[in-house]
Amino acid sequence: MSSTEIQNAAEIIRLSKHCMAFTGAGVSVESGIPPFRGENSIWSRYDPSLLELRYFKSHPETCWPVIKEIFYDFFGKAKPNAAHYALAKLEQDGIIRALVTQNIDNLHQEAGSREVYEFHGNSQRLVCLQCDFHEMAAEADLSVLPLYCPKCGGLMKPDFIFFGEQIPEKAYQLSMGAARKSDVCIVVGSTGEVMPAALIPAEAKRSGAVIIEINPEESLFTRDITDIHLRGKASEIFGLLNQYLK
Ligand code: APR
């Protein structure tokens, strides 16, 4: 990738009137959180049916210990990386207006991003499947599993969508709204394989936005909607972009 491509992308981002970001698991890889697909991925080590809602409801005693291991013991130690901080700074500088993320790791918020639409929810919150009571995972006792609701005794689950669950309506509407208003969409670390999340950059494209993709590999977006593919790791690419965004 040439410095001209980087300079060109930085200029487009700097001059944008309504820039948005769309992130996938790849933006958190350099924080030590493996992607869901590809080599060394989550689904190559764990059975995705653990996050299948029906299976979880009928086997909570099997699912909860593994969910704790992945999303609280393992993911819980992850910290934001340079890419998360760069995206937060672009929002603080008034360039990025909204960030849509498929990630449930809360790292964008920990890095300082405020306008974050959690397309798949957030593992920091827990929700009761019976009465919809919510509490922060940090306030729950994860040493006794499965987790049951302190209000009604119903089964609790992490507040991110399991396979078989709907996308949170508010996050969907806000994300689509941001895509329709955007003139630039920075797509970071996503295969584009997961629906309906992948509709967001597609909607931005349909609405006339320039699509700048940051990913070391090609994705389903690359040939279909990407205008500029900055091929590389998120933190490296943002390091290069920042030289021209100051
Ligand atoms: N920087 C940028 N991108 C990276 C990096 C990196 N350092 N490392 C890997 N990637 C890219 C990979 O090339 C791939 O395109 O990140 C992407 C990770 O792919 P997925 O794990 O499929 O992530 P994503 O597209 O976000 O789909 C994840 O799938 O199971 C569902 O709900 C779950 O939100 C999750 C979604």
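The values are calculated or read from the model by the stated rules, or taken from the named source; none is laboratory data. Computed from a predicted structure; not experimentally measured. We place every Cβ from the backbone using ideal geometry, glycine too, and count neighbours over all the protein chains shown. To get the accessible areas, we keep the full protein, side chains included, count just its heavy atoms, and leave off ligands, DNA and RNA. Shrake-Rupley method; radii C 1.70, N 1.55, O 1.52, S 1.80 Å.
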Count of Lys pairs (Cα-Cα under 24 Å; at least 8 positions apart or interchain) in segment 127-246 | 6
If you average the sequence gap of Cα pairs under 8 Å that are 6 or more apart and divide by the length of segment 197-246, what percent do you get for the contact order?
-> 30 percent
Here segment 23-33 yields Karplus 3J(HN,Hα) values (6.51, -1.76, 1.60; θ = phi - 60°; whole Hz; Gly and Pro given as x) of 10, x, 4, x, 6, 9, 4, 7, 9, x, 9
Are there GluC sites (Glu not before Pro) in segment 30-77 that DSSP puts in a loop and that have at most 16 other Cβ atoms within 10 Å, and which ones?
-> E39
P(r) for segment 75-226: what percent of alpha-carbon pairs falls in each 10 Å bin, starting at zero?
-> 11, 35, 34, 16, 5, 0
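Roll a 1.4 angstrom probe over the protein heavy atoms and tell me the percent of accessible area of segment 95-246 that is carbon or sulfur.
Details: 3420 of 6930 Å².
Carbon and sulfur together cover 49 percent of it.
May I ask you to derive the relative contact order of the chain, considering only C-alpha pairs under 8 Å and at least 6 residues apart, and to give it as an integer percent?
Values: 440 pairs, mean separation 59.3, N = 246.
It rounds to 24 percent for the chain.
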Nearby aspartates and glutamates by direct alpha-carbon distance to K77 (threshold 18 angstrom, same-chain neighbours under 8 apart not counted) = E30, E69, D105, E110, E139, D141
So what is the accessible area of the chain per residue, in Å², with the probe set to 1.4 Å?
-> 47 Å²
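Within 10 Å of each candidate Cβ there may be at most 15 other Cβ atoms; applying that plus a DSSP loop requirement, which trypsin sites (Lys or Arg not before Pro) in segment 73-120 survive? Could the numbers behind the result be given before it?
On the way: sites: K77, K89, R97, R114; in loops: R114.
Those satisfying the criteria are R114.
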Angle, helix 82-92 long axis vs. longest principal axis of the chain, Cα atoms, 0 to 90°, nearest 10?
-> 70 degrees
Karplus-derived 3J(HN,Hα) from phi for segment 40-54 (6.51 cos²θ - 1.76 cosθ + 1.60, θ = phi - 60°), whole Hz, x at Gly and Pro, runs 6, 7, 4, 6, 8, 10, 10, 7, x, 5, 4, 9, 8, 3, 4
The chain: antiparallel DSSP beta bridges as a percent of all, rounded to 5 = 25 percent
Computed label-point distance, nm, for sites E39 and R206 using a 7 Å Cα→Cβ extension | 3.7 nm
Between segment 219-238 and segment 81-144, what's the alpha-carbon centroid distance in Å?
-> 23 Å
When segment 1-47 is reduced to its Cα atoms, the Kirkwood hydrodynamic radius in Å = 13.3 Å
Under a 5 Å amide H to amide H cut-off, with H placed in plane at 1.01 Å, what residues pair with F22 once short-range neighbours are removed?
-> V100, I186, V187, V188
In a Debye calculation with equal point scatterers on the alpha-carbon sites of segment 2-126 and no solvent, what is log10 I(q)/I(0) at q = 0.14, 0.20, 0.21 Å⁻¹?
-> -0.69, -1.15, -1.23
